[in-house]
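Structure, as structure tokens:
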Amino acid sequence: MSELVRRRSLPRWLTLALQIGVSLALLAALIAIVDWTQLREAAAALSLGAMFVVALCCLSAQASLVLRWRALLDMLGVRESWMRSWHSVFAGLFLSNFLPGTLGSDGLRVVLLTKACGRASTAIGAVAYERLMQLALYVLLAALAALMPMPWLQPWLRALIVAAGAIGIALLILILYWLGRRSADSDVAHGGLLQTAWRLFATILIETGRMQTRMRRHRRAALGFWVASLVNVALIFAIWQLILSDIGDSVGLPTIVLACAAAAITSSIPISLGGIGIFEATIVALLGLAGVPAAHSFLLALIVRAVFLASSFLGLPSASLLWRERSPQARPSS
């Protein structure tokens, strides 16, 4: 048994080590290419008023996730108070900065949804669907931005971005539609750990696909879901615009949308630790093509990461509250 545990834990540690290695390598490369004198001058040019507006936009962007969370609950037929929704979202944002990847945020929401709707598969499917829709929105925005006039964007790269975005969105819609029409029942014999695990995994996939059906049935909630998502990304774009303008770089909204969407997409790929390194590298690479100095792009990435990290500390009281609210029956009885 101990050898089996060692076999299972080795890949996890190896994966974590590789993610840390990728993050450190990318950060080291950025540190090597950035002109630090230019970065200090750009940081000195930042105005206190602009940074205050950036902080307000960041808080508003995080608060819009509360609206999206409540829309998701409405589609599942779950009701809770606004304060409870605030605690759920901001506690997850706080935890996600201290646990690998998005485990903190998603793990907490799965636990809360499971308690509310009574099925772990439905909860996991709903959270997975929200993540997929967030990724799909960024893919769609990147493809639309690539259609806009940007002199620095080469025709072959423009065509590649648009084609990849269109194919990706179409495949996602087809897969979710197909999953939504499946049934968890199968001809596999009912018994054994492997069969049970496969049925659970299949059920989660099917529940993810059925979220589309729930959206069609709850149109008002679906509208709220997408409005909150669009408000969230619009505020993030505004943050980028404010910072770049304050530094003295004018690249245009299409470039900001493309670079921001690309950074969000690449940082969601689990090849680095929480997107550290790959997020900054994507920003420096794309804005560099648009003529923004590497020092300015790196400063933008640092400010964006810092302001969202700082705003997540608002979730510390919420995380403490939810921790204290653990049900007594979850504790071992004497």
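Throughout, read-outs are computed from the coordinates displayed, never taken from laboratory work. Predicted model only: the values in this text are computed from it and were never measured. Note that each Cβ is placed from the backbone with ideal geometry, even for glycine, and that neighbours are counted across all protein chains shown.
Projecting the Cα atoms of PHE98, SER88, SER250 onto the dipole axis of region 58-321, where Lys and Arg carry +1 and Asp and Glu carry -1 at the beta carbon, places SER88 farthest toward the positive end. Here's the picture: a label point sits 7 Å out from the Cα of LEU302 along the beta-carbon direction, and within region 208-240 the residues with their amide nitrogen under 19 Å of it are 240. Dipole magnitude for region 58-321: computed about the Cα centre from +1 point charges on Lys and Arg Cβ and -1 point charges on Asp and Glu Cβ, it is near 940 debye. In terms of surrounding Cβ atoms within a 10 Å radius of their Cβ, PHE279, PHE237, PHE98 rank from fewest to most as PHE98, PHE237, PHE279. Averaged over residues, the count of other Cβ atoms within 10 Å places the peptides 316-324, 89-97 in the sequence 89-97, 316-324, highest first.
Each distinct pair of alpha carbons in region 58-321 adds a 1/r term; the inverse of their mean, the Kirkwood radius, is 19.8 Å.
Of interest is the spacing of the C-alpha centroids, which for region 239-283 and region 210-227 amounts to 29 Å.
Checking the a/c ratio against 1.5 first, then a/b against b/c, what shape does the Cα gyration tensor give for region 218-334? Prolate is the answer for region 218-334, as a/c is 1.5 or above and a/b outweighs b/c.
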